[in-house]
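These notes concern the structure reproduced below.
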Amino acid sequence: MFPNGAKFSSLTSQQQDEVLHSLDENASSPGGPSGPAPGAQNFFETLRQHTIAGFLIDPDYGGNDSGAGWKVIGREREHMFQAPFGFYDTDYPGWQLMPKEADKK
């Protein structure tokens, strides 16, 4: 739509609005051989899902900076689920009890 704008973020506010409104206008177009063109609803639902995932993802994977999303919902890092060691594999040859974190210090 705007050849001089290399990125969406480089467009003016008015141009960004035009791009977003064009998604809604294209929703009624017949699309190509693979079916109808995705509309604004699909775009915004995908954007919403990715925003939620990025806000709540484990900070080790690059999102949720400093655990901000977890603080909002009251989740603490220490409460991550882990199956009790030995619960599923006690019959494994060579199994031995692992020392607890407090015992290592």
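The values are calculated or read from the model by the stated rules, or taken from the named source; none is laboratory data. On a predicted model such as this, the values are computed, not experimentally measured, just so you know. Glycine gets a Cβ as well: all are built from the backbone with ideal geometry, and neighbour counts include every protein chain shown. With ligands, DNA and RNA removed, areas are computed over all heavy atoms of the protein, side chains included. Shrake-Rupley method; radii C 1.70, N 1.55, O 1.52, S 1.80 Å.
Note on surface exposure: 57, 73 rank 73, 57 by accessible area, highest first, 1.4 Å probe. Less than 5 angstrom separates the built amide H of residue 58 from none of the residues sequence-distant by 5 or more or on a different chain.
Applying 0.36 nm per residue to the separation of residue 1 and residue 24 and subtracting their alpha-carbon distance, the gain on full extension is 6.8 nm. A Förster radius of 22 Å, combined with the Cβ-Cβ distance separating residue 52 from residue 75, puts the computed FRET efficiency at roughly 0.95.
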